[in-house]
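What follows is a set of notes on a single structure, which appears directly below.
The values are calculated or read from the model by the stated rules, or taken from the named source; none is laboratory data. Not measured: the values here are computed from a predicted model. Every residue, glycine as well, gets a Cβ built from its backbone with ideal geometry; the counts of neighbours run over all protein chains shown. Accessible surface is based on the protein model in full, side chains and every heavy atom, while ligands, DNA and RNA are left aside. Shrake-Rupley method; radii C 1.70, N 1.55, O 1.52, S 1.80 Å.
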Amino acid sequence: MTEIKAENWLLFFSAEQARRPAVIRQILTKRLSNSALFWGMRYQILDYINVYPQLDTQYYDYQIDFLCQQKKLKRNKDGLVSLTQLGIANKNKLKENRQLACPQLFSIYRVSDLVWMIRLLIQVASEASWENKRYYVAVDNFECQMVVKRWLKKYGMHALQDSLLHDLTEFLGNEDQLDAWIFCAQFIGHNTIPLTVQQISTLTGLTLTEIEVVSLDLTSRFALHIVESRSTLTSIIQHFRSQNSLYEKSNAALALVKQGNKIIDIAQQKRLKESTIREHILNAAIFNIDFPFFLFLNAEEENRLLQLLPDDIDKWQYKMVESEQEELSFFKYRLFAIKRSRETLEY
Amino acid sequence: MNIEEKMYDYLKKTFGFTDFKAGQKEVIQNLLIGHSTVAILPTGTGKSLCYQFYGKYTQQTVLIISPLLSLMQDQVEQLRLNGEKRVVAINSNLKFQEKKHVLQNLAHFSFIYLAPEMLRNEDVLRAISSIHIGLLVIDEAHCISAWGPDFRPDYLNLGQVRSQLNDPLTLAVTATATDRVLKDMLSSLNLSENTKVIRHSVDRPNIYLASQKTVDEKDKDNYLIDFAQRLPAPGLVYFSSKKQCDKVGELLQQKTGLRVASYHAGLSFSERYAVQQQFLNGQLDVICATSAFGMGINKQDIRYVIHYHMPQDLESYVQEIGRAGRDSKQSIAIVLFSESDQFLQRRLALRSLPSSDELEIYQRDPEILKNASQENESAELVIRYRQMGVAFAKMNQIFAQRRLEKLHAIQQMVDYVSFSECKRNFILKYFDEVNFVKHGKCCCQIGGQNIDIESLFKQIKALKPEQKQEMPASYQEILQKLFKVSW
Ligand SMILES: [Zn+2]
């Protein structure tokens with residue numbers, strides 16, 4: 001992936017809500033503590049989990065400082081960052097550029113690996129279409145090579161050619177003509193030499209980042225198309241599903257709670273700390289729209305919290321309720337923050 | 001058929017060539033009668049064909065020790081490009097699982113490329129000892145000699161490794177070796193007296209040799225733009241840094257309208273593939289590259305090689321310009337140099353080796369050494385020597401020697417670019433060749449005289465830069481071509 005230009009981070013900031021740059025980075029790279037998830041929810045950027053898994057922390061911090069120097073972002077005394085007037089104008093311009101249509105797919109699939117997988121499938125199918133067996137495998141990825149070998153053993157080369165061409169034409173038929181071309185111009189095949197990102201950028205007048213975004217966007221949605229249309233290629237795509245242990249653990253804890261288990265019992269059963277189970281449950285509250293808040297918070301507690309805390313949830317701090325920490329634990333406080341956020345944010 | 005006829009027959013059938021290039025036949029013949037061989041053949045003479053031929057012809061496994069990652073990758077890619085699937089590269093790029101898989105199935109491969117540092121890995125050593133090696137190839141064999149500018153410490157143990165593998169038939173190949181380096185090669189590898197040495201001149205008569213003094217980078221850019229506009233394409237421009245490679249490449253494209261792409265280790269695999277293929281296919285006029293480019297690339301009609309920075313030594317210079325004019329037609333090699341180049345090269349050379357003071361500190365405190373090795377290559381080098389059991393005092397000696405060698409090599413390069421007589425004879429003398437050439441007008445530029453490009457290339461028409469890259473077909477057409485269908 002080409003290096004992300006500093007400018008692009010403006011998309012993740014707002015003029016009204018001061019945001020913590022580290023939270024944005026944690027969401028983009030899937031370093032997910034409950035706190036990161038909670039604030040990610042407050043910033044409404046949870047769809048962007050794992051979109052830039054390789055992001056370099058130091059470089060990102062440097063880029064944010066750079067944007068502050070350029071007066072596109074401003075930093076308050078607490079280290080929170082928001083857009084300036086100049087920043088808003090730049091963000092609006094950026095919004096006209098190509099964006100990921102389904103960023104959520106990046107937390108479900110390893111999209112950057114799927115880019116190689118699809119290119120390899122194309123090359124293998126293309127060479128076979130021209131009945132060429134002696135060729136140079138131009139995708140240097142062992143995992144992808146193993147996956148395609150295994151699939152071919154089961155389904156055969158003809159199935160690959162037919163399904164791939166069918167799925168591609170069906171999918172690209174509904175896409176913007178230029179985007180479809182950008183996607184295909186990077187394919188390698190029999191007597192077909194790909195263009196570099198730089199060349200595509202020069203030819204189309206789009207930026208390098210935009211070209212990358214189009215490739216990733218179409219790759220992710222093509223993968224989704226394969227799965228949704230129940231193509232024979234589905235198993236290949238499913239191989240690249242991300243391990244989402246955080247999500248699974250959270251749901252497992254939630255299921256046990258729903259069956260009437262107490263946190264202390266679940267902790268013993270799983271041989272984990274109670275605090276860990278609580279964190280799983282907090283995550284589940286963020287992930288699940290129908291989370292049963294009533295199991296942990298009663299009306300009286302909610303009322304008390306409402307009295308103690310200001311209207312703006314972003315301004316909440318646990319120390320505001322600490323006087324009653326006997327009754328109102330951090331767990332309850334955070335759960336209530338999630339519940340209130342759900343009620344006030346659009347989802 | 002006698003053996004020679006059989007060889008020609010096999011060459012045609014397997015590689016599609018009707019004739020061997022200079023030296024290839026002799027090398028293969030020597031190997032076939034079981035003589036270990038040292039082949040000193042200039043770049044572009046197809047040294048790799050020698051062992052590929054031997055391996056396929058005798059159906060034996062060939063183990064190739066290759067010191068440069070990029071070189072290894074290039075050769076593996078080249079073999080795969082020719083349809084050879086039983087080829088593998090074992091180097092630090094290999095992920096753990098991949099390596100396990102490869103080592104378990106090692107007998108399955110016909111060509112095994114191995115990075116020398118992998119020989120320190122027990123599992124790797126055990127795996128290669130357990131299979132029959134028909135031919136051991138030491139690529140870039142001059143790296144074995146501390147006298148050469150490219151000395152690699154991991155090559156020190158190759159003699160020992162060779163005996164561990166029961167002294168298999170061995171082929172040591174290199175493009176250049178002075179007499180001193182050759183002697184070192186033979187003794188380090190424990191090659192016997194009757195080892196055959198096949199040596200061809202480094203001279204490439206169809207490459208005109210020139211250098212251009214410049215005052216600063218701006219001046220360099222202007223000269224480069226001027227040369228690229230007047231010289232017939234395709235051409236290669238070499239840089240010492242990735243950053244400048246990209247920057248100057250972009251400038252060159254803007255100013256000349258030529259089709260320029262840059263190529264270096266910072267690009268992704270697929271980008272490198274795209275650039276290589278476009279270049280081979282005549283879709284690019286100029287490639288701006290770091291030395292990572294082109295080691296396995298066999299493009300016959302490269303007309304010029306320009307060095308934007310003065311190289312570190314004549315060995316690598318001669319190798320890199322050897323990519324020009326493989327079709328024997330008139331070509332040219334130009335070094336752009338400025339006073340500051342030699343300081344840059346000296347700094348780079350000295351930085352890569354630890355000083356006596358540093359060694360003393362490292363010896364006293366292993367913890368400091370360990371930490372330093374995380375970030376600087378000279379400390380990492382000390383660690384590698386320690387792992388090979390080299391004492392600090394000995395290391396100090398070696399590094400002092402290496403520093404002298406490197407500075408000497410840079411000085412030779414400086415002398416070459418500013419030499420006031422025949423540059424070709426300068427190179428021949430450097431490589432201890434006994435035959436000198438008679439200087440003529442297609443030989444080289446003497447002193448600072450102007451390079452008369454027009455009369456040098458009057459036979460070859462300069463490419464007009466009108467051939468703008470046009471927007472290729474629609475996506476539908478791309479798919480139709482890929483899948484050989486029509487709608
Ligand atoms: Zn001369």
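Numerical summary
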| quantity | calculated |
| --- | --- |
| Cα-based equivalent ellipsoid, chain A: semi-axes from gyration tensor eigenvalues, Å | 43, 28, 15 |
| Over region B:3-199: Rg over Rh, Cα atoms, Kirkwood Rh | 0.94 |
| Alpha carbon centroid spacing (whole Å) that separates region A:310-334 from region A:110-181 | 53 |
| Descending principal axes extents, region A:6-96, alpha-carbon based, whole Å | 32, 26, 24 |
| Accessible surface of chain B [probe 1.4 Å, protein heavy atoms]: carbon and sulfur percent | 49 |
| Per residue accessible area in Å² of region A:82-156, where ligands, DNA and RNA are left out and the probe is 1.4 Å | 49 |
| Using a Förster distance of 22 Å, the FRET efficiency for B:S455-B:S420 (Cβ separation, nearest 0.05) | 0.50 |
| Chain B shape via C-alpha gyration tensor axes, a/c threshold 1.5 | rounded |
| Hull shadow area, averaged, region B:189-277 [alpha-carbon convex hull, nm²] | 10.0 |
| Accessible area (Å², 1.4 Å probe, nearest 10) - A:L272 | 80 |
| Per-selection metrics, the protein assembly as shown (Cα): Rg and Dmax in Å | 31.5, 103 |
| Convex hull (Cα only) mean projected area of region B:352-410, reported in nm² to one decimal | 3.9 |
| Eligible aspartates and glutamates near B:K183 by straight Cα distance, threshold 12 Å, same-chain separation 8 or greater | B:E193 |
| Inter-part distance where region A:1-37 and region A:257-273 are each reduced to a Cα centre, Å | 34 |
| Positive-pole candidate from B:S420, B:A379, A:Y155, dipole of the protein assembly as shown, charges at beta carbon | A:Y155 |
| Cα lying deepest toward the dipole's positive end in region B:1-113, options B:Q78, B:G34, B:Y8, charges on Cβ | B:Q78 |
| Unit charges on C-beta of K, R, D, E only; dipole of region A:245-344, Debye | 460 |
| Equivalent ellipsoid semi-axes - Cα gyration tensor, region A:245-344, angstrom | 24, 15, 12 |
| Average projected area [Cα convex hull, region B:105-222], square nanometres | 11.5 |
| Total charge dipole magnitude, region B:189-248, about the Cα centre, Cβ charges on Lys, Arg, Asp, Glu only, Debye to nearest 20 | 120 |
| Centre separation in Å (Cα based) which lies between region B:53-82 and region B:163-186 | 18 |
| Charged-residue dipole, Cβ positions (Lys, Arg, Asp, Glu), region A:91-137 about Cα centre, Debye nearest 20 | 300 |
| Two-site FRET efficiency, A:Q69 against A:K5, from Cβ-Cβ distance with R₀ of 22 Å, rounded to 0.05 | 0.90 |
| Bins of 10 Å, starting at 0 and running to the largest distance - Cα pair percent for region B:341-383 | 30, 47, 19, 4 |
| Pair B:I446, A:T202: separation of 7 Å Cα→Cβ label points (nm) | 4.1 |
| Cα→Cβ-extended label distance, 7 Å offset, between A:H158 and B:D365, nm | 7.3 |
| Percent of Cα pairs exceeding the 16 Å cut-off, where the set is region B:1-58 | 36 |
| Accessible surface of A:F66 - all protein chains present, 1.4 Å probe, nearest 10 Å² | 80 |
| Cβ-derived FRET efficiency at R0 22 Å, B:H200 paired with B:E4, nearest 0.05 | 0.65 |
| Threshold 40 Å², region B:69-99 residues less accessible with all protein chains present than alone (1.4 Å probe) | B:R80, B:K85, B:E98 |
| In region A:250-347, trypsin sites (Lys or Arg not before Pro) in a DSSP loop with at most 14 other beta-carbon atoms within 10 Å | A:K262, A:R271, A:K273 |
| Top positive-direction residue, dipole computed over the protein assembly as shown with Cβ charges, set B:I361, B:L404, A:L305 | B:L404 |
